Structures are given as structure tokens and as C-alpha cells.
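Below is one structure; the comments refer to it alone.
Read-outs throughout are calculated quantities, based only on the coordinates presented, and are distinct from any laboratory measurement. Fair warning: this is a prediction, and the values are worked out from it, not measured in the lab. Glycine also receives a Cβ, built like all others from the backbone with ideal geometry; neighbour counts cover every protein chain displayed.
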Amino acid sequence: MAISFSEFKKVQMKVGKVIDAERVEGSEKLIKMIVDFGTEKRQAIAGIAKWYGPGELIGKKFVFVINLEPKKMMGLESQAMILAAMDEEGNLALVTLDKPNIKEGSPIS
């Protein structure tokens, strides 16, 4: 399904640095992250525990969608969505940056 460019521009994506991460108690899939977007910090919950441990995420920058409605998972509110790609074998890779100098909060366009 194709969307117009004006619809796509409604999606706000920014660079976020994971400053804290932990597995969600009672879940095999979920990781709770605290993400620094430069001017604010948000909580993001993602079903990535099969592929990433909390220690692999802390201190790294990823791409997040920041204007989705908050969603509750296991009683925790997710205020951003980390972007990822998955191959045909079910391997997951998070969307990251190839230049380390890009600051937290930088918009993705």
C-alpha cells in the first residue's frame, strides 16, 4: 500500500541513545530501555530480547519513531519505537548509524 509523501512526513523519527536497559520481568521477549533524545528522555519497550541483551544496547544510538501513541506492554508504557529489520531466517538487526558523531535527537529525514 503506497502512502503520499505528506503522510510519510507525519512520522517523526529521531536518533536516540540507550542510557539504560533491562529485561521486563515476566516476559521472555521484552526489553525496557531509557532513551536519551537530547532534549528529553523516554521509555521504550521492545520485543528484542531474543536477539539483544540489555548490555548490548546501553550506550549505543539507534533510530526511533517518537510520535506514535504510547502503548502499554506488560503494564509498562512505551513512548517510542525502535526500528529494526528482519531477514527470511528470522534474524533481527536494529537500525543504527554509520557515523558516531550524529547527536541524540537528530531528526531522520
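Annotations for the structure displayed:
- Taking the centroid of alpha carbons for each part, segment 68-103 and segment 7-25 are 6 Å apart.
- Cα gyration tensor of the chain - equivalent ellipsoid semi-axes, whole Å, descending: 21, 17, 15
- Every helix of 4 or more DSSP H residues in the chain counts as -39500 (n - 2.57), and over all residues that averages to -1000 deg cm²/dmol at 222 nm.
- Filter on LYS9/LYS72; LYS9/LYS60; LYS10/LYS60; LYS41/LYS103; LYS14/LYS71; LYS71/LYS99 - keep pairs with C-alpha separation over 23 Å: LYS9/LYS72; LYS9/LYS60; LYS10/LYS60; LYS71/LYS99
- Under DSSP loop assignment and at most 16 Cβ neighbours within 10 Å, longest trypsin sites (Lys or Arg not before Pro)-free interval of the chain: 61-102
- Restriction of the GluC sites (Glu not before Pro) in segment 1-67 to DSSP coil positions whose beta-carbon has at most 10 other beta-carbons within 10 angstrom yields GLU25, GLU28.
- Most mobile of MET73, MET33, MET13 in a GNM of the chain (Cα contacts under 10 Å): MET73
- Rounded to the nearest 20, the Cβ-based charge dipole of the chain about its Cα centre (Lys and Arg +1, Asp and Glu -1) stands at 360 debye.
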